1. If you go through segment 15-73, how many residues are within 19 Å of the chain's Cα centre (by Cα), closer than 23 Å to E98 by Cα and among the charged types (D, E, K, R)?
2. Quickly run through segment 1-19 and pick out the residues that are of a type outside the set (F, W, Y) and surrounded by 10 or more Cβ atoms within 10 Å (Cβ to Cβ).
3. Tell me the residue from M48, M65 that is crowded, with 16+ Cβ neighbours inside 10 Å, at pLDDT 95 or above and in contact with a Ser or Thr (Cβ under 8 Å, 6 or more places away or on another chain), please.
4. Are any residues in segment 94-150 among the small types (G, A, S) and crowded, with 18+ Cβ neighbours inside 10 Å, and if so, which ones?
5. Considering each of S109, S127 in turn, give the residue that is in contact (Cβ under 8 Å) with a residue 12 or more places away in the chain, over 25 Å from K64 (Cα atoms) and either hydroxyl-bearing (S, T, Y) or touching a strand residue (DSSP E or B) at 6+ places or on another chain (Cβ under 8 Å) (or both).
6. Can you pull out every residue in segment 68-93 that is loosely packed, with under 13 Cβ neighbours inside 10 Å and part of a helix (DSSP H, G or I)?
7. I need every pair where a residue in segment 189-205 that is under 12 Å from I158 (Cβ atoms) and in contact (Cβ under 8 Å) with a residue 40 or more places away in the chain has its Cβ under 7 Å from the Cβ of a residue that is assigned to a helix (DSSP H, G or I) and of a type outside the set (A, V, I, L, M, F, W, C), sequence separation at least 6 or different chains.
8. When only residues in segment 6-38 that are part of a strand (DSSP E or B) and in contact (Cβ under 8 Å) with a residue 40 or more places away in the chain count, which is farthest from N207 (Cα to Cα)?
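The values are calculated or read from the model by the stated rules, or taken from the named source; none is laboratory data. Fair warning: this is a prediction, and the values are worked out from it, not measured in the lab. We place every Cβ from the backbone using ideal geometry, glycine too, and count neighbours over all the protein chains shown.
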Amino acid sequence: MLEYYCSFFSTVELNSPYYRIFSPGVAGNIVSRTPDGFEFLVKLHSSMTHSRDAGPQEWEDYMKMLEPFRESGRLSGLLAQFPYSFKPSEKGIGYIEEIDDRTGDMTVSVEFRYDEWYSGEIPDRLSRRGIGLVSVDLPRLPHLPPPVPVGGRPYGYIRMHGRNASRWWDGGPLRYDYSYSDQELAAWLPAIDRLGGESGDVYVMFNNCHFGQAVRDAIRLKELFMGE
């Protein structure tokens, strides 16, 4: 499947490490199945973002897993996606800075599901440390972040989760059951241009993964961006 995927796209967001940190051997096998120039964005394990109880062993295993991606020059960055329950606080900011310290020279981008993280001085404070901010497309529900571009350095990063408001708070995979219209996708084109103007690089990832909707929408966004 990965080889076939590479015939359409030049980068992938690895979500599986969120659930399980795999071995360097598995990581090396993944890298070997991709062509030169293919890029990876790798998600942090749930113990690092959701339960936030990762110990030395989890961090050691995670960093070892990243070695094949780094050695091949294919690792573009790491994704730290925090839950809705993670609210803005000095302790929370300190925890994000601790993750940035632990990961050394690797770029960490953070996605928040609570809108107040994207207001006030917090975005600038994180940006000054070289931490990226993820722009999100989510249902229009109270305290979920609005679909507006944020960040842009060290690269732009957009994650499209769908707008299935009726199933969002139920939890589970059906919250991501959604297919974007051309109009909804085209509305992001100015934001992609704006974010690209900051650094030259923009990653757009689709998480509305039911029934192949993410792949179809990603291909369609590429076509719209190219004026097709």
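1. 4
2. Selection gives L2, C6, S10, T11, V12, E13, L14, N15, S16, P17.
3. Exactly one of M48, M65 is crowded, with 16+ Cβ neighbours inside 10 Å, at pLDDT 95 or above and in contact with a Ser or Thr (Cβ under 8 Å, 6 or more places away or on another chain), namely M65.
4. S109, G132, S135
5. Step by step, each of S109, S127 is checked, and only S127 is in contact (Cβ under 8 Å) with a residue 12 or more places away in the chain, over 25 Å from K64 (Cα atoms) and either hydroxyl-bearing (S, T, Y) or touching a strand residue (DSSP E or B) at 6+ places or on another chain (Cβ under 8 Å) (or both).
6. Matches in segment 68-93: E90, K91.
7. Pairs that qualify, where the first residue is under 12 Å from I158 (Cβ atoms) and in contact (Cβ under 8 Å) with a residue 40 or more places away in the chain and the partner is assigned to a helix (DSSP H, G or I) and of a type outside the set (A, V, I, L, M, F, W, C), are V202/G196.
8. Going through the qualifying residues, I end up with T11.
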